[in-house]
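*Asks:* The following block contains the structure, expressed as structure tokens.
The values are calculated or read from the model by the stated rules, or taken from the named source; none is laboratory data. Since the structure is predicted, the reported quantities are computational estimates derived from the model, not experimental observations. In this analysis, Cβ positions are derived from the backbone assuming ideal geometry, glycine residues included, and neighbour counts consider all displayed protein chains.
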Amino acid sequence: MNPRRSSVFLYMLAKIRPEAWDAIIPHSPKVSVASREYLIAMALKGFSSELTNKAVNQKLAGVQKSLVAFAGQQLSADFDDDNWCGTPYPGKHGPGPVVSFEEVMLNPQPLPPKDLEREIGGYLVMLSETTSQQAAAKELQLLGNSLLGTATHATAR
């Protein structure tokens, strides 16, 4: 699972209204809140494998565990409430932005450690806007800002 691609997808999933999704892909499968929280936890797991900062990794592990615990508790309730649609995925829609991400990366080079931390920090801030769990959102916002180097400005206000 590519945490960058899944983070962008989760952000779009959380920010676009369900009516708009239905206009884009009619009768598309619904994604429950529980499954979205679990996918966020999986993206965080991917990011923590790239970071060498043990303190940040420990905090990310705590957020991951809380999101997975919430997802586990809510998954059966969401399933019983029919928050999962049985409509099969409509198939390929041709080239689009998700396909073009791979095409752009002709010869990807690893980022220097500081640039990697900033990039992951940006994704953590983005993921903080997609979770419905306020404690996890706050922690992701703080971690993301610290990796971006903006934590001192945010706490000074």
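*Asks:* Which residues, counting only those in segment 13-22, are over 12 Å from L39 (Cβ atoms) and either in contact with a helix residue (DSSP H, G or I) (Cβ under 9 Å, 6 or more places away or on another chain) or among the basic types (K, R) (or both)? Break it down stepwise before answering.
*Replies:* Going through segment 13-22, the residues over 12 Å from L39 (Cβ atoms) turn out to be 15-22.
Within segment 13-22, K15, I16, R17, W21 meet the criteria.
*Asks:* Within the set of pairs 6+ apart or on separate chains, which have a first residue in segment 24-51 that is closer than 15 Å to A14 by Cβ, a second that is assigned to a loop (DSSP other than H, G, I, E, B) and at pLDDT 80 or above, and C-beta atoms under 6 Å apart?
*Replies:* What qualifies is V33/S132; I40/T131.
*Asks:* Related question: What pairs can you find where one residue is in segment 128-157 and within 17 Å of L10 (Cα to Cα) and in a loop (DSSP other than H, G, I, E, B), the other is among the aliphatic types (A, V, I, L, M) and at pLDDT below 75, and their Cβ atoms are less than 6 Å apart, with a gap of 6+ or different chains?
*Replies:* T130/A14
*Asks:* Exactly one condition in (1) at pLDDT 50 or above; (2) of a type in the set (A, V, I, L, M); (3) assigned to a helix (DSSP H, G or I) is false for V99; which is it?
*Replies:* All conditions are met except number (1).
*Asks:* Give segment 52-77 a look and list any residue that's buried (at least 19 other Cβ atoms within 10 Å of the Cβ) and hydrophobic (A, V, I, L, M, F, W, C), or say none.
*Replies:* Passing the criteria: V56, L60, V63, L67, F70, A71.
*Asks:* Of all residues in segment 52-71, which are within 11 Å of L143 (Cβ to Cβ), in a helix (DSSP H, G or I) and touching a residue at least 12 places away in the same chain (Cβ under 8 Å)?
*Replies:* First, pick out the residues of segment 52-71 that are within 11 Å of L143 (Cβ to Cβ): 53, 55-60, 62-63.
Going one step further and asking which of them are in a helix (DSSP H, G or I), we end up with 55-60, 62-63.
If the condition is that a residue be within 11 Å of L143 (Cβ to Cβ), in a helix (DSSP H, G or I) and touching a residue at least 12 places away in the same chain (Cβ under 8 Å), then V56, K59, L60, G62, V63 are the ones that fit.
*Asks:* Return the total of residues in segment 14-24 being modelled with pLDDT under 70 and not in a helix (DSSP H, G or I).
*Replies:* 0
*Asks:* Which ones in segment 127-157 are hydrophobic (A, V, I, L, M, F, W, C) and either modelled with pLDDT under 90 or crowded, with 21+ Cβ neighbours inside 10 Å (or both)? Talk me through it step by step, then tell me what you get.
*Replies:* If we filter segment 127-157 for residues that are hydrophobic (A, V, I, L, M, F, W, C), which is where we start, we get 127, 135-137, 140, 142-143, 147-148, 151, 154, 156.
Within segment 127-157, L127, A136, L140, L143, L147, L148, A151, A154, A156 meet the criteria.
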